[in-house]
Each structure stands twice: as structure tokens, then as C-alpha cells.
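To keep things clear, I will list the structure first and then write my remarks on it.
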Amino acid sequence: MSPDEVLNTEELERNLQRLPGWSYEAGTLRTRVACASAQQAIDLFAEIAELAQQAEHHPDVDWRFDKLLIALTSHDVGGKITARDVALAQQISHAVLAAQADLG
């Protein structure tokens, strides 16, 4: 499957099973990250930004003190979910777990 190919409902459900803490809402893959402090949230935000730059795919991130709200969608294919969204969600999940923050 091409990274830009839109996932159908079955593929989306299968991928969500491999993304604990993520959900599909309003056309986006979403998660909430609870950090130990505002500084940890800032540091994790910076790491997520770096991952996004490397992937050339940018999530919507809402920083609220010690929490991050993250939403992924592929605007270039009409706001649908693609393999690119799933891949970045996996990378974000790894970064969150490595930082010992709470995902979901």
C-alpha cells in the first residue's frame, strides 16, 4: 500500500487495533497525552514536531499545560486517513512511551 493511499474502513479498524490510545473521530486519528509537567509536554511537543518534519506530514497539536491533544489526517487527499497518518501515529506513540507519558 502506498503511504498516500486512503485507508478503507476495514484497514482503518485493523490499524487502530495496533494503535492503543488512538481513536478515529471527526475524520482524524486522535490521541491525548498526559505528561508529568508542562516542561515534559513542551519537550515532547518538540520531539513530535521533529518527527513530523522528518515525515513531511504535520499533525494538529494542541498544547494545554501538561497535556497534548494530537490529531492526524491527510489534507492533501481530502482530509482522509492514509498509511502516512498511521505511520506517524506509531512514531508519536513510541516517543510518548519513551518519555514515560500517558497515551490515550
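Every number here is computed from the coordinates shown, using simple stated rules; none is lab data. Computed from a prediction, not measured in an experiment: that's the story for all the values here. Please note: Cβ atoms are built from the backbone with ideal geometry, for glycine as well, and neighbour counts cover all protein chains shown.
Before moving on, here are some points about what is shown:
- Counted charge near ARG32, where neighbours are those whose Cβ lies closer than 15 Å (Asp, Glu -1; Lys, Arg +1): -2
- Full-extension gain in nm, ALA87 to ASP4, via 0.36 nm per residue minus C-alpha separation: 28.8 nm
- Calculated FRET efficiency for the pair LEU12/GLN100, C-beta based, R₀ 35 Å, to 0.05: 0.75
- Among (1) 13.6; (2) 19.4; (3) 14.3, the entry derived from the coordinates for Kirkwood radius over Cα pairs in Å: (1)
- Sorted by Cβ neighbour density within 10 Å, fewest at the top, the residues VAL33, VAL61, VAL77: VAL77, VAL61, VAL33
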